[in-house]
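Remarks on the structure that follows.
The values are calculated or read from the model by the stated rules, or taken from the named source; none is laboratory data. Here the structure is a predicted model, which means the values were calculated and not measured. Cβ atoms come from the backbone with ideal geometry, glycine included; neighbour counts cover every protein chain shown. Protein only, heavy atoms only, side chains kept; ligands, DNA and RNA dropped before computing areas. Shrake-Rupley method; radii C 1.70, N 1.55, O 1.52, S 1.80 Å.
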Amino acid sequence: MEYFNFDKFIEKYKLLVLNVNYPKFDWLTWFIGFSEGDGSFIVAKRGDISFVIVQDRRDIQVLYMIQKVLGFGKVIKQGVTTSRYIVQDKRGLYLLSLLFNGNLVTKRKNWSFKSFNLAFNKYSNKGNLQFEAIAFNPLTVKPRLDDSWIAGFVDSEGCFSVTLYSKHNGYNIIFDLAQQSGFEINDESGLELLQNLFKVGKIYKHNLGKNIYYYRVSGLSDTSRLFTYFDKHKLRSKKLKSYLLWRNLHFKISNKEHLDSTLRPSLKVLASKVNNIWD
């Protein structure tokens, strides 16, 4: 299996971006995971190309963070509720092409990148600023627990939740990640990869559609197996707040605080905020 290799990207980045603090491995693997969830390789009918990440306006900070670390691209407020990070300049598109080529994880996103790469190669040697064509690498890589790809993908697609029931002292603590079929990593389902890496959780068919599946980890014992990874490989969107609340509630429930009638109401308030990350 191939693994992430950023040598070519970093070599050209140092020449083209006047920024000695070039992006490091951990951040780059997070960015690729986040892009595979929320990023889009866009090729317009007339041949214009761009790379775009769209986010809720309330999480615009993650777009500014990406712009600052990479040192190129623009953040644009788009309508009332959304914002986007967009790269359209040739230098930025060239560097992103080097970054993503051979470093994408899912087959679905690699197919999308193939069209983008072809369009860029037609455009790269035109005009005053020219770059060499980049030969498309069809291989995908397999992430590990010692990189941040999963953290980036969870920032985009994951969900942490806690429920404390009103009619009894029961609770439910869950981590979910849902995907349509076609989310393959090499010859393995992406959800199965997560299951095998964390050695916990189950995969279910979603009732929202016949081609949608989700990976779920539930219960105190199983969810605690996720802490080592997410404590080391930080989430970078507002989902970090969700994770920290979720982890804090896990601690309190483990200490039986949910069984104390004087503490349970405050825990229910905290539980309601786990997915209400905009406050």
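For Glu11 and Arg46, the difference between the fully extended length at 0.36 nm per residue and the C-alpha to C-alpha distance is 9.4 nm. For Asp89, put the label point 7 Å out on the Cα→Cβ axis and report which residues of segment 63-82 keep their amide N under 11 Å from it. Those under the cut-off are 71-74. Of all stretches in the chain that contain no chymotrypsin sites (Phe, Trp or Tyr not before Pro) in a DSSP loop with at most 15 other Cβ atoms within 10 Å, the longest one is 4-164. Modelled label positions at Asn207 and Lys77, each set 7 Å beyond Cα in the direction of Cβ, lie 4.0 nm from each other. Working value for segment 41-93: equivalent-ellipsoid semi-axes of 20, 15, 7 Å, each the square root of 5 times a Cα gyration tensor eigenvalue, largest first. Fully extending the segment from Ser266 to Leu240 would add 7.3 nm, taking 0.36 nm per residue of separation and subtracting the current Cα-Cα distance.
Setting aside same-chain residues fewer than 8 positions from Lys126, which lysines have a Cα under 27 Å from its Cα? Cα-Cα hits under 27 Å: Lys8, Lys12, Lys14, Lys45, Lys74, Lys90, Lys109, Lys114. In segment 50-164, taking the dipole from charged Cβ atoms about the Cα centre, the farthest positive-side position among Leu118, Val87, Val154 is held by Leu118. Among rounded, prolate and oblate, which fits segment 71-164 when a ≥ b ≥ c are the square roots of the eigenvalues of its C-alpha gyration tensor, a/c under 1.5 means rounded, and a/b larger than b/c means prolate? The shape class here is oblate.
Which entries in Lys199/Lys232; Lys232/Lys252; Lys77/Lys122; Lys199/Lys241 show an alpha-carbon gap greater than 23 Å?
Lys77/Lys122; Lys199/Lys241
Ordered from highest to lowest accessible area with the whole protein assembly present and a 1.4 Å probe, Arg264, Arg216 read as Arg216, Arg264. Spin-label pair Lys167-Glu257: with each label point 7 Å from Cα along the Cα-Cβ axis, the two points sit 2.7 nm from one another. As a calculated quantity, the FRET efficiency between Ala135 and Met65 at R0 = 30 Å, using C-beta atoms, amounts to about 0.45. Applying the criteria of a DSSP loop state and at most 10 other Cβ atoms within 10 Å to the trypsin sites (Lys or Arg not before Pro) of segment 16-70 yields Lys45, Arg46. Here segment 1-76 and segment 196-232 have alpha carbon centers that stand 27 Å from each other.
Quick one: net charge around Asp38, please, counting Lys, Arg +1 and Asp, Glu -1 for every other residue with C-beta under 9 Å from its C-beta.
Details: positive: none; negative: Glu36, Asp155, Glu157.
Residues close to Asp38 contribute a combined charge of -3.
Extent along the principal axes, Cα only, for segment 1-116: 41, 32, 26 Å, with the longest axis given first.
In the chain, Cα pairs under 8 Å separated by at least six residues give a relative contact order of 18 percent.
The alpha carbon radius of gyration of segment 112-153, expressed as a multiple of 2.2 N^0.38 Å, is 1.64.
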